[in-house]
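Since the structure comes first, as structure tokens, the remarks are kept for the end.
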Amino acid sequence: MGYTVAEKILKAHLVDGEFKKGSEIGIKIDQTLTQDATGTMAYLEFEAIGINRVKTEKSVAYIDHNTLQSGFENADDHRFIGSVAKKRGVCFSRPGNGICHQVHLERFGIPGKTLIGSDSHTPTGGGLGMIAIGAGGLDVAVAMGGGAYYITYPKIVKVELIGKLSPWVSAKDVILEVLRRLSVKGGVGKIIEYCGEGVKTLSVPERATITNMGAELGATTSIFPSDERTLEFLKTQKREDCYVELKADDDAVYDEELTINLGELEPLVACPHSPDNVKTVKELEGMKIDQVCIGSCTNSSFVDMLKVAYILKGKTVHPDVSLAIAPGSKQVLNLMAQNGALSDVIDAGARILESACGPCIGMGQSPNSAGVSLRTFNRNFLGRSGTKDASVYLLSPETAAISALTGVLTDPRTLGDMPSFALPNEISINDNMVALPSDEEHSDDVEILRGPNIKPYPETAPLSESLTAPVSLKVGDNITTDHIMPAGAKILPLRSNIPEISKYCFTVCDEKFPERAKELGKSIIIGGTNYGQGSSREHAALAPLYLGVKAVIVKSFARIHRANLINAGILPLTFVNESDYDSINEGDELEIKDLRAAVENGDEILVVVNKTKGTKFEVKSELTGRTKEIMLAGGLLDFTREALKK
């Protein structure tokens, strides 16, 4: 039996565990990336582990999230990350160099390598044929120290692409179609692997759009083969020496299969407030809009910008529409300036933003109240834009650009014939905004610079013998990490200060939660299905940890968030019978007797007593091997420190 592309890379990097479906496996990590919203904590955690220099082939720290400097906090974090990167052996991508995933694709990604990043859209690297996985900052810190990264050997889903995209239909429409079919829960525990003749019609930036937004499926990652189109892209970046061919064996076996005829797709749009709430543009055509934002790590490549510039050239943005464009990297912005595309979009009335995440994470450009915003981004969760009652729609750059001109949602196929858009064969490469680390022999001379907003990792403790605590909050299905730990210009600067940022924990759902949880001292959270979907932000675990949350009992978890809870020493449990969810209310006192002994014994089923109601129900812990030991130790940081001592 042959192997898929994903399996070949995983098998080549296997360092621990049995290589079979459903087993926990540890893989060697070649590269890591961090961004500034998660990076400060990741490097504080790396320091706490006690290792002096990173042991990966390449680690890069990016500044792309918290670039709005309305106070000292973000600037201090950037200074800290820059100094710790120089000292610890990490490349530092300075503010203005671009969005981490766009820059990493251009300058650092290598087919066949493994990459984990403290950002949920790290799977963008799958467009180059990498196993690229989003993870919590602590997992990244461990990997930087040479530790393995652990996942459950996932199912592999084959998505066969046939045919060729029609004019003005794009890669964004491909991934929206996958989301329409599979949903935001459809990729949990799976790797999405693309194959088929249609793959050859897609450039690496187009493939990266698809793998990037595969994060919205809940997938472990998504991946394309490495082929002649990959080599073509690497040659443009003057990195062809990195190329290796990667393809699935003819007799590779997949767990699930899906076929998409590219020629049958039409422009699609994800409606509020979920990326899988997908309809055709035709269904909504004519809807009045207030704002258009083009960019993000999903759709900010040079080719995306060329299409937008072509549509806008010689025209003027509708007077009722605000159009903002954020090129994905300094390289993209330079290319736009050199070929005239930048002038075309400026002449049309676009507002040019810096090469950063910006509006995607609520960092500026919030829509007007009850506004309709069309965005080429990857998420449209309620309130994520910074305006609670805004309606955000996700779509392609082509649809966004034509709609910005008409003032209503418009099908781009009305543009008629489409010219060819491609990266130039020769581009100027300038990595002057990537600061290299110091030589190891001079690292002692580098001072790490810390500002007053930078606070240490929250205190942890080994798992208690038993747990008795009240329910501090009960929430429903599809709770995102934006619900748990909101983003935005007001909150993001506090990412390095857990005591302060915890004051905003779950305030989207209940403004009184932080105060209530702190007063209770210890508590339990109850939730529905797909709890913790969305961003990889470990702050959605660290803030509850600081507020005394000891366990979370839900119907089902999103992969990264469950891992982050374990890393933080918060017990993740799932209902054996989902109907028991209905019997629990906020304020109920729950008890799990002999908890530590049960976890030590590997008991999968635990009994929870609802002391308030005088009832009992069963939950699954599903902690085995390494995750069991991490939980007993009180979290991954404690576990890793003890392992290093041994």
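Values for this structure:
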quantity: Verdict on G386 being farther than 27 Å from K313 by Cβ, among the small types (G, A, S) and touching a residue at least 40 places away in the same chain (Cβ under 8 Å); calculated: yes
quantity: Test: residue in the stretch 378-395 that is farther than 24 Å from L494 by Cβ, surrounded by fewer than 18 Cβ atoms within 10 Å (Cβ to Cβ) and aliphatic (A, V, I, L, M); calculated: no
quantity: Selection from the stretch 424-474 of residues that are in a helix (DSSP H, G or I) and among the polar types (S, T, N, Q); calculated: S443
quantity: Restricting the stretch 147-163 to residues that are of a type outside the set (S, T, N, Q) and within 12 Å of G26 (Cα to Cα), the residue that is surrounded by the fewest Cβ atoms within 10 Å (Cβ to Cβ); calculated: A148
quantity: Matching entry among K593, K620 (being surrounded by 14 or more Cβ atoms within 10 Å (Cβ to Cβ), charged (D, E, K, R), more than 20 Å from S523 (Cβ to Cβ) and in contact (Cβ under 8 Å) with a residue 40 or more places away in the chain); calculated: K620
quantity: Set E515, E586: member being in contact with a Lys or Arg (Cβ under 9 Å, 6 or more places away or on another chain), part of a helix (DSSP H, G or I) and either at pLDDT below 95 or among the acidic types (D, E) (or both); calculated: E515
quantity: Search result, residues across the stretch 609-646 that are out of contact with any Asp or Glu (no Cβ under 7 Å at 6 or more places or on another chain) and in a strand (DSSP E or B); calculated: T615, K616, E618, V619
quantity: Verdict on R180 being farther than 17 Å from D255 by Cα, crowded, with 21+ Cβ neighbours inside 10 Å and assigned by TED's automatic domain parsing to the domain that holds E257; calculated: no
quantity: Single match in S329, S385, S373, S366 (criterion: at pLDDT 95 or above and touching a Gly at 6+ places or on another chain (Cβ under 7 Å)); calculated: S329
quantity: Complete set of residues in the stretch 439-460 that are closer than 30 Å to L234 by Cβ and without any contact (Cβ under 8 Å) to a residue 40 or more places away in the chain; calculated: D439
quantity: Neighbours by Cβ (under 9 Å, 6+ apart or cross-chain): first from the stretch 46-70, assigned by TED's automatic domain parsing to the domain that holds E354; second assigned to a loop (DSSP other than H, G, I, E, B) and of a type outside the set (A, V, I, L, M); calculated: none
quantity: Test result for I133, at pLDDT 95 or above, of a type in the set (A, V, I, L, M, F, W, C) and under 17 Å from V54 (Cα atoms); calculated: no
quantity: Condition check for A489: assigned to a helix (DSSP H, G or I) and farther than 22 Å from S274 by Cβ; calculated: no
quantity: Set L436, L409, L423: member being in contact (Cβ under 8 Å) with a residue 40 or more places away in the chain, more than 18 Å from L265 (Cβ to Cβ) and surrounded by 18 or more Cβ atoms within 10 Å (Cβ to Cβ); calculated: L423
quantity: Residue within the stretch 560-582 that is at pLDDT 95 or above and over 32 Å from the mean Cα position of the chain (by Cα) present; calculated: no
quantity: Single residue of L463, L520 found to be touching a residue at least 60 places away in the same chain (Cβ under 8 Å) and surrounded by 17 or more Cβ atoms within 10 Å (Cβ to Cβ); calculated: L463
quantity: Any hit, the stretch 325-343, residues being of a type in the set (D, E, K, R), closer than 26 Å to P424 by Cβ, assigned by TED's automatic domain parsing to the domain that holds L284 and touching a residue at least 12 places away in the same chain (Cβ under 8 Å); calculated: yes
quantity: Selection count, the stretch 564-590, where residues are buried (at least 23 other Cβ atoms within 10 Å of the Cβ) and small (G, A, S); calculated: 2
quantity: The listed residue being closer than 25 Å to V157 by Cα and either touching a helix residue (DSSP H, G or I) at 6+ places or on another chain (Cβ under 6 Å) or of a type in the set (A, V, I, L, M) (or both), out of L68, L44, L14; calculated: L14
quantity: Unique residue being under 18 Å from the mean Cα position of the chain (by Cα), surrounded by fewer than 21 Cβ atoms within 10 Å (Cβ to Cβ), in contact (Cβ under 8 Å) with a residue 24 or more places away in the chain and at positive phi when the list is G196, G189; calculated: G189
quantity: Selection count, the stretch 596-608, where residues are outside any strand (DSSP E or B) and over 33 Å from the mean Cα position of the chain (by Cα); calculated: 3
quantity: Test: R94 is at pLDDT 95 or above, surrounded by fewer than 21 Cβ atoms within 10 Å (Cβ to Cβ) and of a type outside the set (S, T, Y); calculated: yes
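Quick grid of which residues meet (1) within 27 Å of R641 (Cα to Cα); (2) touching a Lys or Arg at 6+ places or on another chain (Cβ under 8 Å):
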| site | (1), (2) |
| --- | --- |
| L44 | yes, no |
| A48 | yes, yes |
| K55 | yes, no |
| L68 | no, no |
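This table checks each residue for (1) at pLDDT 95 or above; (2) among the acidic types (D, E).
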position: S420; (1), (2): no, no
position: E426; (1), (2): no, yes
position: N430; (1), (2): yes, no
position: S443; (1), (2): no, no
position: G451; (1), (2): no, no
position: I454; (1), (2): no, no
position: K503; (1), (2): yes, no
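The values are calculated or read from the model by the stated rules, or taken from the named source; none is laboratory data. All figures in this text were calculated on a predicted structure; none of them were measured in a lab. Positions of Cβ are backbone-derived with ideal geometry, glycine not excepted, and every protein chain shown enters the neighbour counts.
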